[in-house]
Amino acid sequence: MDEQFPDSGRAMGGNTPEFSVAEISGAIRRVLEGTFGRIRVRGEITEFMRARSGHLYFALKDEGGKLSSVVWRGTVPRLGLKPENGVEVIATGRISAYGERSSYQMVIDRLEYAGEGALLARIERLRLRLAAEGLFDAERKQPLPFLPRVIGVVTSPQGAVLHDIRTTIARRFPHPVLVWPVAVQGDGAAEQIAHAITGFDAIAAGGRVPRPDVLIVARGGGSLEDLMAFNDEAVLRAVAVCRIPVISAVGHETDTTLVDFVSDRRAPTPTAAAEMAVPVRAELEADLAQRDARLRGGLGRALQLARARLDRAAAGLPDLPAVVENARRRLDDRAYRLDLALPTRMEQLRSRLRNASDRLPAPQMVLALRRADLARVDAACQQAMAGFLHRRVSTLRGLRVPPAMLVAQLRASASRLAGAAGQLASLSPQAVLERGYVLVTDSAGRPLAHAAQARRAKQVTLTFADGQVTARPVGAGDRQQGHLDL
């Protein structure tokens, strides 16, 4: 007792020793750390909290008690797993007392899942949560490209997995393989895998580094603890948001991880993943050859059928040269008949026109008759007007009409007279001549109504609105054309 409490001799009075608080706290700390040293504690994580400083605080509990625990910031990257409430773990560390609060806690530097039961329970909880978010829905699955140009592989650079994938691709259909080496188990494996998937997805198309058309996430078999990196939430979400189709090939055929649910295709082995990624080139070539043969055969049969239909149709058509020859003969006959009928028809029309023109009266004769009629009407009107005026004057003298009335009647009579004079002027042959017509007469003053009469005359007189002009036909040939010498 004295070795543990060296200052116990300072007790004042009686046999009860006296200690300071620091002495008691230090003694308890030495007893705890000296008695337990480095220990392993199994319990369920609860009250988990991540401090702003980076330290992790939580408690380990079981049916009989609860142990406060802490993980210092520098130890977090090497912890082995991410603490979560409700996960049963085995913690490795040491017991330490915190005198200022009269408490003790376990300083943890290593965490492990407490058996497969705890791992499976954690995986099942994560699976249910992600399934509720829709990360496993079939509608989110992307189809695999038929002939990818570049295949991306996320796996460990050591081991037979990468070798199996490369040899399978080279055997089936050689394509470039772009490898992103990662750790597939242990500390930091999940972060590396998630970073590799995100990195492949971030490669720009057409850049210096080719962008893969399909990704293979693979590793060999192992225990449940070895495959836990592929059950990590960060890896699952990276696969879910990846725009490149992902094939998961984790473990052997009987192994199942959550990445199999979220990936676009699940392969039982890495070799099967490579077979899903690329087809067999020889099979494609054989299939193309078979399709080519079938296409050529079908095309040949179609051509034969078309040729037979064409021959049948050609047999039903008339002889084209004979049809053309008959049409040519009909055309020549129509042309010959047209050459004969056209002059005859023109002569008939010309004769009808000549007969009609001979029956028409000459304009000069019509004008002369109209002029004679106008002269008679003018003489009669003047004589009637003179008699009318004479009678009116006699009547006025007998009636002694007032001068104003007489003047009005005279003005009305003068107006009527002016109207009649206007009508006479409009019917006068002189008005016709003023519109551009010419009266042709021979030397005897007879009107010439036809051109033939003018050609036979030795001299003709052309009467215009403002005078007369004498002319005679010139030359025998010109007479036929109706030329005059003025």
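The values are calculated or read from the model by the stated rules, or taken from the named source; none is laboratory data. Quantities reported herein were computed from a predicted structural model and do not represent experimental measurements. Positions of Cβ are generated from backbone atoms using ideal geometry, with glycine treated the same way; all protein chains shown enter the neighbour counts.
In this structure, Thr168 qualifies as among the hydroxyl-bearing types (Ser, Thr, Tyr) and in the same structural domain as Ala190 (by TED's automatic domain parsing). Among the residues of region 88-109, those that are at pLDDT 80 or above and either of a type in the set (A, V, I, L, M, F, W, C) or not assigned by TED's automatic domain parsing to the domain that holds Val31 (or both) comprise Val89, Ile90, Ala91, Ile95, Met106, Val107, Ile108.
Checking the structure you have, find out if any residue of region 262-279 is surrounded by fewer than 14 Cβ atoms within 10 Å (Cβ to Cβ), without any contact (Cβ under 8 Å) to a residue 24 or more places away in the chain and either among the polar types (S, T, N, Q) or under 21 Å from Leu144 (Cα atoms) (or both). Working first, answer last.
To start, the set of residues in region 262-279 that are surrounded by fewer than 14 Cβ atoms within 10 Å (Cβ to Cβ) comprises none.
Within region 262-279 (the criterion being surrounded by fewer than 14 Cβ atoms within 10 Å (Cβ to Cβ), without any contact (Cβ under 8 Å) to a residue 24 or more places away in the chain and either among the polar types (S, T, N, Q) or under 21 Å from Leu144 (Cα atoms) (or both)), the answer is no, since none of the residues qualifies.
A Cβ distance below 9 Å, combined with a sequence gap of six or more or placement on separate chains, defines the contacts here; from region 364-386, residues that are loosely packed, with under 13 Cβ neighbours inside 10 Å reach residues that are in a helix (DSSP H, G or I) and of a type in the set (A, V, I, L, M, F, W, C) in the pairs Asp373/Leu427. Whenever a residue of region 181-208 is closer than 19 Å to Leu162 by Cβ and assigned to a helix (DSSP H, G or I), its partners that are at pLDDT 85 or above and among the aromatic types (Phe, Trp, Tyr), lying with C-beta atoms within less than 7 angstrom and at least six residues away or across chains, give the pairs Ala196/Trp180; Gly199/Trp180; Phe200/Trp180. Scanning region 262-276 for residues that are closer than 14 Å to Arg219 by Cβ, in a helix (DSSP H, G or I) and β-branched (Val, Ile, Thr) yields one hit, Thr271. Exactly one residue among Ala286, Ala308, Ala277 is hydrophobic (A, V, I, L, M, F, W, C), within 39 Å of the chain's Cα centre (by Cα) and more than 16 Å from Val154 (Cβ to Cβ), and that residue is Ala286.
Looking only at residues in region 157-180 that are surrounded by fewer than 18 Cβ atoms within 10 Å (Cβ to Cβ) and touching a Gly at 6+ places or on another chain (Cβ under 9 Å), the one that is modelled with the lowest pLDDT is Gly159. Screening Ala234 against (1) free of Cβ contacts under 8 Å to residues at least 60 places away in the same chain; (2) out of contact with any helix residue (DSSP H, G or I) (no Cβ under 8 Å at 6 or more places or on another chain) leaves a single unmet condition, (2).
Select from region 220-261 the residues that are assigned to a helix (DSSP H, G or I) and either outside the structural domain of Ala272 (by TED's automatic domain parsing) or among the small types (Gly, Ala, Ser) (or both) and list them in ascending order. Talk me through it step by step, then tell me what you get.
Just the residues of region 220-261 that are assigned to a helix (DSSP H, G or I), to begin with: 228-231, 233-241, 258-261.
Result: Ala229, Ala234, Ala238, Ala240.
Of all residues in region 410-429, those that are assigned by TED's automatic domain parsing to the domain that holds Asp378 have Cβ atoms under 8 Å from Cβ atoms of residues that are β-branched (Val, Ile, Thr), 6 or more apart or on another chain, in Leu424/Val377. Under the condition of being assigned to a strand (DSSP E or B), modelled with pLDDT of 75 or more and of a type in the set (D, E, K, R), the residues counted in region 438-486 number 2. Determine if region 44-55 includes at least one residue that is modelled with pLDDT of 80 or more, touching a Lys or Arg at 6+ places or on another chain (Cβ under 8 Å) and on the phi > 0 side of the Ramachandran plot. Yes, there is a match, as at least one residue in region 44-55 is modelled with pLDDT of 80 or more, touching a Lys or Arg at 6+ places or on another chain (Cβ under 8 Å) and on the phi > 0 side of the Ramachandran plot.
Taken over region 282-320, the criterion of being of a type in the set (Asp, Glu), over 24 Å from Arg172 (Cβ atoms) and part of a helix (DSSP H, G or I) is satisfied by Asp311 alone. Where strands (runs of 3 or more DSSP E) sit wholly within region 52-138, those with at least 3 residues that are surrounded by 14 or more Cβ atoms within 10 Å (Cβ to Cβ) and free of Cβ contacts under 8 Å to residues at least 40 places away in the same chain occupy 56-61, 66-71, 103-113. Kindly indicate which of Ala249, Ala202, Ala160, Ala170 is in contact with a strand residue (DSSP E or B) (Cβ under 8 Å, 6 or more places away or on another chain), farther than 23 Å from Pro83 by Cα and among the small types (Gly, Ala, Ser). Only one candidate qualifies: Ala249. For Ser102, the conditions (1) under 56 Å from the mean Cα position of the chain (by Cα); (2) of a type in the set (S, T, N, Q); (3) on the phi > 0 side of the Ramachandran plot all hold with the exception of (1).
Does Pro212 meet the test of being in contact with a strand residue (DSSP E or B) (Cβ under 8 Å, 6 or more places away or on another chain) and surrounded by fewer than 16 Cβ atoms within 10 Å (Cβ to Cβ)? No.
The sole residue among Ala306, Ala335, Ala293, Ala289 that is at pLDDT 90 or above, on the phi < 0 side of the Ramachandran plot and either of a type in the set (S, T, N, Q) or surrounded by fewer than 11 Cβ atoms within 10 Å (Cβ to Cβ) (or both) is Ala306. Consider Arg371 carefully, then state whether it is in the same structural domain as Ala451 (by TED's automatic domain parsing), more than 60 Å from the chain's Cα centre (by Cα) and under 30 Å from Ala451 (Cα atoms). Spelling it out, Arg371 is indeed in the same structural domain as Ala451 (by TED's automatic domain parsing), more than 60 Å from the chain's Cα centre (by Cα) and under 30 Å from Ala451 (Cα atoms).
Yes or no, residue by residue, for (1) at pLDDT below 80; (2) part of a strand (DSSP E or B); (3) in contact with a helix residue (DSSP H, G or I) (Cβ under 9 Å, 6 or more places away or on another chain):
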position: Gln383; (1), (2), (3): no, no, no
position: Leu396; (1), (2), (3): yes, no, yes
position: Ala404; (1), (2), (3): yes, no, no
position: Arg411; (1), (2), (3): no, no, no
position: Ala414; (1), (2), (3): no, no, no
position: Ala418; (1), (2), (3): no, no, no
position: Gly436; (1), (2), (3): yes, no, no
